[in-house]
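What follows is a set of notes on a single structure, which appears directly below.
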Amino acid sequence: MKILYAIQGTGNGHLARATEIIPILKEMGEIDILVSGIQSDIELPFKVKYKLNGFSFIFGKNGGVDIWKTILKARLFRLIKDIRIIPVDDYDLVINDFEPVTAWACKLWRKECIGVSHQNAVLHTGAAKPKKNDLLGKWILKYYAPSSVKYGFHFKQLDENVFTPVIRSSIRNAVPGNKGHYTVYLPAFNDQKILEILDPFRQYTWQVFSKYCTMPYKARNIHFNPVSLEAFNKSFVNCSGVICTAGFETPAEALFMGKKLCVVPMKNQYEQACNAAMLAEMGVTVVEKSSQFHDKISLWLSEETNIRIAYPDCTREIFFSLIQKYEVQRDPGPLNFILRIRKRFNWPEVSIPVSSRLRQRHL
């Protein structure tokens, strides 16, 4: 089977999750990787066949998405051209992690697109929503990267198509420590703003990972570092607590490791508002306004209660099941016909006159 795996390159969460998923997909067939977006700080340790501009939401420096820069850097004519020429029909299966170019290319050429992303779970009826309604935010989540079939990941399993988070092996297999520092990742704030937020808490050690930092430096008790997946993992595993955006991967891994967690949802980002609403229901500290920083962080630092969730390791099972399902659907031969008839009339498995090896391959 030839698979195209398309990944959103805005932020680092999608790419970090992909490091866990790509080796699994490689076991199932020939895989090509496509990444679109210009806002990531990390590189995949795999060959990327297609690297596209896509459509990225540009982070600002004061806590949110910069709408004007997002529009200016959109390059809509290039986006349309990429949608028209990307060869999605060369692949047996297109798996899409909220990536717009292949999603719309599949829609244009009537190719099935299997969406597997956190964003697919955010609009689920069972997922928490913020009090403030955001029609534009909902529209973006629904139409930014449309797919034929949707599977999602969320902080809780909501139904048979919405799974618990993918926890990277480097985190799942790590032994949590506590060296007394706090790890901070707030990519929508520049270093000066982060310094203003953390400076009142000089009795604590802060390790900040900043997209605006090119060389490590120290400002009193605050250590600023460039974004590096390896360095971040080391700091994260050994920290006392984490302050980060209300994204998905980092909060989920913090919950898995039992790290004290405080999230700051980005402004103008409906997905993060939804994540913050669900995390608040779970007992996580949420800072929604800049005026709340001092009081909420002070209270958070004084608290001792951590939330720990033992998310199961089922990523391999999820993707094996998904690919086997669509391999059967695209099989035009007699075995697929028999399988469909068996399902229609609820015949027992022993009634299918095929070898056990073939049955295991297709069921």
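The values are calculated or read from the model by the stated rules, or taken from the named source; none is laboratory data. The shown structure was predicted, so the numbers you read here are calculated from the model rather than taken from an experiment. Positions of Cβ are generated from backbone atoms using ideal geometry, with glycine treated the same way; all protein chains shown enter the neighbour counts. Only protein heavy atoms, including side chains, enter the accessible area calculation; ligands, DNA and RNA are left aside. Shrake-Rupley method; radii C 1.70, N 1.55, O 1.52, S 1.80 Å.
When the helix-only estimate is applied to the chain (DSSP H runs of n ≥ 4, each -39,500 (n - 2.57), divided by the residue count), what is the mean residue ellipticity at 222 nm, nearest 500 deg cm²/dmol? Each step should come with its number before you reach the end.
Working: 15 runs with 139 residues, N = 363.
Only helices count here, giving -11000 deg cm²/dmol.
To make sure I understand the rule: partners must be aspartates and glutamates, Cα under 12 Å from the Cα of LYS138, and not fewer than 8 residues away in the same chain. Which ones qualify?
The reachable aspartates and glutamates, counting only those whose Cα sits under 12 Å from LYS138, are GLU271.
Packing-wise, with mean Cβ within 10 Å as the measure, how do 114-122, 171-179, 24-32 rank, highest first?
Descending packing order for the listed peptides: 114-122, 24-32, 171-179.
Within the chain, what whole-number % of the accessible surface is contributed by carbon and sulfur, with the 1.4 Å probe and all protein chains included in the calculation?
53 percent
On a C-alpha basis, how far is the centre of region 143-220 from the centre of region 246-293 in Å? Whole number, if you could?
That distance is 10 Å.
Name all residues of region 262-281 having a backbone nitrogen under 20 Å from the label point set 7 Å from the Cα of ASN178 along its Cα→Cβ direction, giving them as ranges.
262-263
Mind checking which of LYS81, LYS267, LYS111 has the largest fluctuation in a GNM of the chain, springs on alpha carbons under 10 Å?
LYS81
Indicate, rounded to the nearest 5 percent, the antiparallel portion of the DSSP beta bridges found entirely in the chain.
Values: 6 of 51 bridges.
Of all bridge pairs located within the chain, approximately 10 percent are antiparallel.
Can you list residues whose amide H is under 5 Å from LYS267's amide H, if they're 5+ apart or on another chain and H is modeled 1.01 Å from N?
Under 5 Å from the amide H of LYS267: GLY64, VAL65.
Given the whole protein assembly as supplied and a 1.4 Å probe, what does the accessible area of SER228 come to in Å², nearest 10?
So the heavy atoms of SER228 present about 40 Å² to solvent.
By the 4.7 Å beta carbon criterion, which cysteine residues of the chain come out unpaired?
CYS213, CYS239, CYS244, CYS262, CYS274, CYS314 - these cysteines have no disulfide-compatible partner (Cβ-Cβ under 4.7 Å) in the chain.
Would you look at the GNM of the chain, springs on alpha carbons closer than 10 Å, and say which of ASP82, ASP295, ASP199 moves the most?
The residue that fluctuates most here is ASP295.
Over the heavy atoms of TYR185, what accessible area does a 1.4 Å probe trace out, to the nearest 10 Å²?
Accessible area, nearest 10 Å²: 30 Å².
Would you mind telling me which residue in HIS14, HIS223, HIS154 has the biggest mean-square fluctuation in a Gaussian network model of the chain, where springs connect alpha carbons within a distance under 10 angstrom?
Looking only at HIS14, HIS223, HIS154, the biggest GNM fluctuation is shown by HIS223.
For region 64-156, calculate the relative contact order in percent as a whole number, restricting contacts to Cα pairs under 8 Å that are 6 or more residues apart. Mind showing how you got there, number by number?
On the way: 108 pairs, mean separation 27.1, N = 93.
For region 64-156, the relative contact order is 29 percent.
Just to make sure I understand: if all protein chains stay in place, what is the order of SER210, SER298, SER291 by accessible area at 1.4 Å, largest first?
In descending accessible area the options line up as SER291, SER298, SER210.
Set the Förster distance to 51 Å, then compute FRET efficiency between ASP295 and ARG110 from the Cβ-Cβ distance, nearest 0.05.
The computed FRET efficiency comes out at 0.40.
For an R0 of 56 angstrom, estimate the FRET efficiency from the Cβ-Cβ distance between GLU303 and LYS73 and round to the nearest 0.05. Please list the in-between numbers first.
On the way: r = 40 Å, r/R0 = 0.72.
Calculated value: 0.90.
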